[in-house]
Amino acid sequence: GEEQTVSWTYDVEWIESDVPWASRWDIYLNGSGFPDDKIHWFSIINSLMIVLFLTGMVAMIMMRTLHKDIARYNEEQTSKEAQEEFGWKLCHGDVFRPPQTSPLLLSVFVGSGVQILAMTMTLMVFALLGFLSPANRGGLMTAMLLLFVFMGYFAGLVSSRLYKMFGGKQWRQSTVLTAVLYPGTVFTVFFIVNLFIWHSGSSGAVKFSTMFALLVLWFGISFPLAAMGSFKGFKMEEIKNPSRYNQIPRQIPEQPVYMHPAISCLVGGVLPFGAVFIELFFIMSSIWLHQVYYVFGFLTLVLLILIATCAEITIVLCYFQLCSEDYHWWWRSFLTSGSSAVYLFLYSCLYFYTRLELQFTAGIIYFSYMGLISFSFFLLTGTIGFIACFWFVRAIFGSIKVD
């Protein structure tokens, strides 16, 4: 029972290396040090197959079906033939009618999504050029935060222009919501999670001085930039659509079961998630299992494939919706690709129960952060689908003659 003191010693031998400090991560960057290299390539090929399939469908719609439709609609018609119009042209008097449900919230969501997309694309460029070294711990997160703050201008610009096109008049509310809604949600969750970490006595808790610095970045830089963007957007000329909408809304015929909004949105989210889920495994392992992730070349390819997939699946489903004479496409175009965030969160639940063994506090941290990541993914993918669908609808209705 007598206590004894055991002394442990160790020796360190320093060996001079001919490899320069800046090149010591090349073994990881070149991919030769990764045993999972083949899995990354399998992920890329799997995603490319999805994109090629969707591209073929979009090409078929645009080149064959739409070309015939537009040619038929633009032919000189007799009065009897004009009365027998069918398909998507019947929606020309309602297709650009502002959304019935919260056009303000939709414009704010799209503005925040543009901010996230611009931040992500710029971050990938910096990473590919080698500005973000893994030797500099926290460099990626710092760059992400600063880029997000400075992209606030584009969020304000896009949301205000969209809201003005919808006929919105509450420009102050639009400006404040764009600058506060998404960043405020992130900060609130981060603050609450940090309280849990602080209460558990962990050294990983963020200091209140750092919290204050984040608030200064938000209200000192991001908020004014978003306000400047909103002011510029409201001062710019309103976006003119190819056709005006009628005073009296057209009655929408009864839709088939498979065109129900919930079903079509959930189906639309499968392919964007399927294009990224293999790479998602490595990203989550780097976050939660502290594994090295620095294959930004693969990540950039996956991001481009994700953008293409979101745009194409939304265009295809929007075309089917308009052919069913349903012109409520604004919110559905956002939710179709944005629903991939639901699958992302479900995958994070599966990952938690199969890969991680965390205590209660760590579990709260995990699901809080994965919830934030899923919400960010929802805004990103939803915005990509919305912009693609907006371009598609303007393109097809701008190419036909409307009496």
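The values are calculated or read from the model by the stated rules, or taken from the named source; none is laboratory data. Values in this document were obtained by computation on a predicted structure and should not be read as measured data. Glycine also receives a Cβ, built like all others from the backbone with ideal geometry; neighbour counts cover every protein chain displayed. Each accessible area value is taken on the protein alone, full model and side chains, heavy atoms only, with ligands, DNA and RNA left out. Shrake-Rupley method; radii C 1.70, N 1.55, O 1.52, S 1.80 Å.
One residue stands out in the stretch 140-174 among those that are over 24 Å from residue 121 (Cα atoms) and among the polar types (S, T, N, Q): the one that is surrounded by the most Cβ atoms within 10 Å (Cβ to Cβ), namely 174.
The conditions of being modelled with pLDDT of 90 or more, in contact with a Phe, Trp or Tyr (Cβ under 7 Å, 6 or more places away or on another chain) and not hydrophobic (A, V, I, L, M, F, W, C) are not met by residue 224. Of the helices (runs of 4 or more DSSP H) lying entirely inside the stretch 172-270, not one is found with 3 or more residues being without any contact (Cβ under 8 Å) to a residue 40 or more places away in the chain and among the basic types (Lys, Arg). The single residue among 258, 343 that is modelled with pLDDT of 90 or more and farther than 24 Å from residue 63 by Cα turns out to be 343.
Filter the stretch 378-388 down to residues that are open to solvent by 30 Å² or more (accessible area, probe 1.4 Å) and within 23 Å of residue 350 (Cβ to Cβ), then give me how many there are. Looking only at that region, the number is 1. With respect to (1) open to solvent by less than 30 Å² (accessible area, probe 1.4 Å); (2) over 17 Å from residue 48 (Cα atoms), the lone exception for residue 252 is condition (1).
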